[in-house]
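Encoded as C-alpha cells, the structure appears first; notes follow it.
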Amino acid sequence: MSAQAPPVVSEPVEDDVSARIARLDEARRNPLLHVDGLWKVFGARSDRIIGTPDADLSRRDLMAKTGCVVAVKDVSFDVAPGEVFVVMGLSGSGKSTLVRCLTRLIEPTAGQITVAGQDITSATDGQLRELRRKHVAMVFQHFGLLPHRRVIDNVAYGLEIRGDGKAERRERAQEMVDLVGLSGNENSYPDQLSGGMQQRVGLARALAVDPSVLLFDEPFSALDPLIRRDMQNEVIRLHHEVGKTMVFITHDLQEALKLGDRILIMRDGAMVQVGRPDEVVGAPADDYVRDFVSDVPRSHVLTLRWVMRDPRPDEALEGPVMGPDTVVKNAAHRVLASAHPARVVAGGQLLGVVDREDILRVIVAEEPA
C-alpha cells in the first residue's frame with residue numbers, strides 16, 4: 001500500500017466470520033480450557049523419561065531402550081469460551097489419549113490442565129466426579145447407550161447420576177431430545193434406531209447436563225458417509241444454538257476443516273501445528289502438514305486475506321466490499337461479476353483488493369494436472 005492513509009470504507013455486510021474470530025482471540029486471554037506442557041508416557045518409571053535426552057528419541061528408539069511409549073509429548077494449548085477446537089492426526093498420533101487426559105480418564109504423566117480455572121491435575125477424586133457430572137461431558141465413537149432404557153431415559157441418565165429430581169430431569173431430557181431432532185422417538189429403545197439417531201441420543205445425553213465443555217472422541221467415525229455429514233451439520237447447528245465450548249477429536253482433515261475454529265495437528269504424540277483452518281492450509285508448518293492438506297480445495301478454505309493485494313495507482317476503488325475472512329469460494333461470484341476489484345475492508349480501513357485474476361489463480365490451481 002502507498003504511504004498515504006488508507007481511505008475509510010463502510011463495513012462489509014458479510015463480516016460475521018471476522019467478528020467471531022476477533023471475539024475468540026479476545027476470549028482466549030481468559031481460556032475456559034488451559035493445557036500446559038502435557039505429557040503421557042506409558043511404561044515402568046515413565047516419569048523419569050521427561051527432561052532427559054531419552055525424551056527426544058523416536059517412539060521406536062525409546063521403546064527399544066526403555067520399554068516406554070510417549071503417547072502425548074509436551075502439548076500446550078488454550079481453548080476460548082465458545083470455541084470449537086479440533087485435534088486431528090492419524091491413528092497413533094496421541095489425540096484420543098490427549099482428550100482422555102483432559103478429565104483424567106487417563107492420568108497424565110506431567111503437565112497442567114485447568115477447566116474454568118480449576119486445576120484438574122491436582123483435583124481429588126470427589127472434585128473429578130463433580131467435574132464429570134456437571135462441567136465436562138464426552139461423546140464417544142461407540143455410543144455407550146443403555147440398551148434396556150428408552151431414549152428419554154438414556155438422555156436423562158447423567159441427570160439421574162447427578163441426583164436431579166425425576167420431573168426435572170424428564171423435562172430437561174425432553175428439551176434435549178427435541179433439540180437434536182429426535183422428537184417422537186422418546187420411547188424407542190436404542191436397537192430400534194439407526195446409527196445416526198443413536199449418536200444423536202449420545203449428543204443429547206451430553207448436552208443434558210449443560211456442561212461447560214463438550215469433548216468429542218471421533219464420534220462419527222463408525223457412521224456411513226452421508227450420515228456422518230448430517231451429524232457434522234448437526235454439530236454446527238447445535239453450536240450456533242447453544243454456543244458450547246467443544247474439543248473435537250478426528251482423523252479426518254475435511255471434518256476438521258469443516259468444524260474447527262482452530263485445528264491442532266498431532267504426530268507421534270507431539271504438536272505439529274495449531275491454527276485456523278485457513279492458516280493450516282495457507283501456511284503449513286512443515287512437509288507433514290503440507291502433504292496432509294495437499295488435496296484440500298484451497299478456494300473452500302482460504303480467505304481473501306490470503307489472496308488480496310495492494311491496489312494499483314490506476315485502479316478505481318469502486319468494487320464490492322468484503323471482509324478479509326470471506327472464503328474465496330463465497331467471494332468468487334461477486335468478484336467475477338464486478339467490473340472493478342473487490343475491496344477487502346476491516347475496521348473501516350481498506351486492507352487490499354481482489355480481482356478476477358486473484359480469484360482464478362486459486363481456483364485454477366485446484367484443477368488436476
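The values are calculated or read from the model by the stated rules, or taken from the named source; none is laboratory data. Given the structure is predicted, the values throughout are model-derived calculations rather than measurements. Cβ atoms come from the backbone with ideal geometry, glycine included; neighbour counts cover every protein chain shown. Calculation scope for accessible area: heavy atoms of the full protein, side chains included, ligands and nucleic acids excluded. Shrake-Rupley method; radii C 1.70, N 1.55, O 1.52, S 1.80 Å.
Condition first: on the phi > 0 side of the Ramachandran plot and either in contact (Cβ under 8 Å) with a residue 40 or more places away in the chain or assigned to a helix (DSSP H, G or I) (or both). Now tell me which residues in region 24-76 satisfy that.
Taking region 24-76 first, the residues on the phi > 0 side of the Ramachandran plot are 37, 43, 45, 51, 67, 74.
Selection gives G37, D74.
Looking only at region 324-343, filter to residues that are of a type outside the set (A, V, I, L, M) and in contact with a strand residue (DSSP E or B) (Cβ under 7 Å, 6 or more places away or on another chain); which one of those is surrounded by the fewest Cβ atoms within 10 Å (Cβ to Cβ)? Among residues in region 324-343 that are of a type outside the set (A, V, I, L, M) and in contact with a strand residue (DSSP E or B) (Cβ under 7 Å, 6 or more places away or on another chain), the one surrounded by the fewest Cβ atoms within 10 Å (Cβ to Cβ) is R334.
One line per residue, one yes/no per condition, for (1) over 18 Å from the mean Cα position of the chain (by Cα); (2) at pLDDT 90 or above:
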residue: P225; (1), (2): yes, no
residue: T245; (1), (2): no, yes
residue: K258; (1), (2): no, yes
residue: G275; (1), (2): no, yes
residue: A285; (1), (2): yes, yes
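If I filter region 162-175 down to residues being at pLDDT 90 or above and within 19 Å of V139 (Cα to Cα), which single residue comes out as least open to solvent (accessible area, probe 1.4 Å)? It comes out as A173. Which residues, counting only those in region 129-161, are at pLDDT below 90 and more than 23 Å from Y189 (Cβ to Cβ)? Selection gives R129, E130, L131, R132, R133, K134, H135.
So, of the residues in region 129-161 that are under 22 Å from R100 (Cα atoms), free of Cβ contacts under 8 Å to residues at least 60 places away in the same chain and open to solvent by 70 Å² or more (accessible area, probe 1.4 Å), which turns out to be farthest from the chain's Cα centre (by Cα)? If we take residues in region 129-161 being under 22 Å from R100 (Cα atoms), free of Cβ contacts under 8 Å to residues at least 60 places away in the same chain and open to solvent by 70 Å² or more (accessible area, probe 1.4 Å), then I161 is farthest from the chain's Cα centre (by Cα). Restricting attention to region 190-209 and to residues that are in contact with a helix residue (DSSP H, G or I) (Cβ under 8 Å, 6 or more places away or on another chain) and surrounded by fewer than 16 Cβ atoms within 10 Å (Cβ to Cβ), the residue that is farthest from L32 (Cα to Cα) turns out to be S194.
Mind checking whether some residue in region 85-105 is part of a strand (DSSP E or B) and open to solvent by 20 Å² or more (accessible area, probe 1.4 Å)? Don't jump to the end; show me each part of the working.
Of all residues in region 85-105, those part of a strand (DSSP E or B) come to 85-88.
Restricting the remaining residues to those that are open to solvent by 20 Å² or more (accessible area, probe 1.4 Å) gives none.
No, that holds for no residue.
Looking at S18, S2, just one residue is at pLDDT below 90, of a type in the set (S, T, Y), over 19 Å from T97 (Cα atoms) and not in a loop (DSSP other than H, G, I, E, B), and that residue is S18.
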